[in-house]
Amino acid sequence: MNIERNNPGQDKERVVDEAVRAIREVRVPEGPPGEVVERVLAAGNQEQSKFEKGRFNKMNRIMKIAAGILIVVGIGGLIAVLNPGSGGSGVAFGAVAQQFRNARTVTYTIITDTASEVIPTMRMEVSYKPPAYFRMTAPGGVVSIMDGTQKKGILIIHSEKQFREMDFSDLPQDKPEIDSLEMWRTLPDRADEVLGEKEMDGRKVQGFRVSENGMIGTFWIDTKTGDLTRVEMEFPNAPGSHAVMTDFRFDLELEDSLFSLTPPEGYTQGSQIDTSPISQDDLIKFLRWWSTHNRDGLFPPSLDPAKMAEAVMEMNRAGKLLKDQETSKDKTQSEAMQATRGLMFAMQMKLESDWHYAGKGVKLGDADTAIFWYKQEGSQTYQVIYGDLSIKELAEGDLPR
Amino acid sequence: MTDWERIVGRHGAAVWQTAYRLLGNREEAADCYGQTFLAAIELSRRQKVRNYGGLLRWLCTCRAMDRLRQRGRQAGREEGLADWSNVASTNPGPVEEAQAAELSERLRGALAGLPSREAEVFCMRYLSELSYRDIGRQLGLKTSAVGMLLHRARGRLREMLGQPDGAGDAEI
């Protein structure tokens, strides 16, 4: 780094570049100190939590419902995709399934998103621990814990200091939903489709696709290590909505207290969560609720949560939403769960069910207009729901055009 | 929703590098790093941030420049004239290394003497290696204006650095 001083004009030109080079070549030590990074992250997390809570609280009731749907969709989709499948090829994919079978614990992050800006992106942390424990932390201080050994669960809403219990004891024995890690262990050994290779975060990964229950899961696996790096879930029944799972970690030590069903001290109990199997009745209840909560008495324009959320915003702007005279957090939560269950009925429909929704612009009470129809599994006829919410069973040739 | 963990993970190293290069001191760089992110968090409350990478480098540069000016004022009070060449190098070593450290300190001192916008543009271009377009977007300037500020900054730095050690810092 010699700065010659023989030619002042030339030196002046060069000295800036030399100084820049000198400063750029400064050996930067490891850093910053861990406590500084921790302070920054703590401030960031606090901000994020405030933002999420604020945003969640600012949503009106129907928006909360729509947001809640995505959380359920995240879990529901996972269950649907990871249940036993069939066909195809893919040795590496089988190895990942084996990895889950052998895992003591599994943790990962799930981020849900929709095509709508109205519904915020949500990030959730999920943990499984044998023999059948599940925990999910969602935005707004919402924690769901399920214990498959007791067939019970708890939903804790820290921001409201409230908890709600879940009871799965009535579920059929063969239902894997609450046998947490088991549902991962039933990951199909073979994918429906083997995709090509690509670079992802500096790693070469290969894709495998599994389609189940109207949902599509794409698994990206590190070709070198065989590690699962990313799972992308799409929901053809709700175009644009998707969930991405990353940060898979196996065999972490997870404290039993994380899966405790004991509510925090001082929290109040809300009504119990309905965990019975989702049915057509749930959809009907949701359709009735929606059409009696807007001034025009119309059914929702779509059963896609993202489009539904956009419609709510539009209706709100136009002053068309009806608000209950009396409402409570408990009532709102019950309605949110009901709406979630109703929409889940449509979301989880298999493509073979040939389901259709035609409720846009139809008013409650219109007995001549079919608003929803689908073919039940193993049946040749269709269940048809009309605008008065009556149900008929029709042959394919008798369906509305 | 802003995922600060991801932002810190992605841009933290660049912020740290910028802070340390400009300040040449671990303790001050750590302070600058923390202040930069806290300022970004504060800013994100008020407005939607499209480019965290650019914003953080700019905030870091501004914080570091504030610190350099403060150093200059303190040195001025204590010694009458700031003599950046006398700032002790943290990396004593071979002659070339010592010369580089000295030159780095002289540049830091000279940067503290530039008009703030010129200093910011210069640092973002030559230390953070942002493009004219990215600098312009961050500061709300046209690329031509960025070029003009850089040209002026280089001219002033030429004058300051071309003078005998310490003499160029007399205005600080």
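The values are calculated or read from the model by the stated rules, or taken from the named source; none is laboratory data. Note that this is a predicted model, so its numbers are computed, not measured. Positions of Cβ are generated from backbone atoms using ideal geometry, with glycine treated the same way; all protein chains shown enter the neighbour counts.
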Selection from segment B:139-163 of residues of a type in the set (A, V, I, L, M, F, W, C) and either within 9 Å of chain A (Cβ to nearest Cβ) or touching a residue at least 24 places away in the same chain (Cβ under 8 Å) (or both) yields B:Leu139, B:Val146, B:Leu149, B:Leu150, B:Ala153, B:Leu157, B:Met160, B:Leu161
Of the residues in segment A:202-218, those that are modelled with pLDDT of 80 or more and within 13 Å of A:Arg230 (Cα to Cα) come to A:Arg203, A:Lys204, A:Val205, A:Gln206, A:Gly207, A:Phe208, A:Arg209, A:Thr218
Only unsatisfied item for B:Lys48, checking (1) more than 10 Å from chain A (Cβ to nearest Cβ); (2) part of a helix (DSSP H, G or I); (3) modelled with pLDDT under 90, is (2)
A careful count of residues in segment B:8-31 that are touching a residue at least 12 places away in the same chain (Cβ under 8 Å), polar (S, T, N, Q) and in a helix (DSSP H, G or I) gives 1
Scanning segment B:106-138 residue by residue, the ones that are over 15 Å from the mean Cα position of the chain (by Cα) and touching a residue at least 12 places away in the same chain (Cβ under 8 Å) total 4
Per the filter on segment A:292-322, residues without any contact (Cβ under 8 Å) to a residue 24 or more places away in the chain and surrounded by 17 or more Cβ atoms within 10 Å (Cβ to Cβ) are A:Ala311, A:Met315
If we scan segment B:13-22, do we find a residue that is facing chain A (nearest Cβ under 7 Å), modelled with pLDDT of 90 or more and under 18 Å from A:Ala43 (Cβ atoms)? yes
Going through segment B:32-42 in order, the residues found to be more than 8 Å from chain A (Cβ to nearest Cβ) and touching a residue at least 12 places away in the same chain (Cβ under 8 Å) are B:Cys32, B:Gln35, B:Thr36, B:Ala39, B:Ala40
Scanning segment A:193-207 for residues that are assigned to a strand (DSSP E or B) and in contact (Cβ under 8 Å) with a residue 24 or more places away in the chain, the one surrounded by the most Cβ atoms within 10 Å (Cβ to Cβ) turns out to be A:Val205
Take the conditions buried (at least 20 other Cβ atoms within 10 Å of the Cβ) and away from chain A (no Cβ under 11 Å) and apply them to B:Gly54. Does it pass? yes
Taking the criterion of being more than 9 Å from every other protein chain (Cβ to nearest Cβ), hydrophobic (A, V, I, L, M, F, W, C) and more than 18 Å from A:Asp17 (Cα to Cα), would at least one residue in segment B:112-120 satisfy it?
no
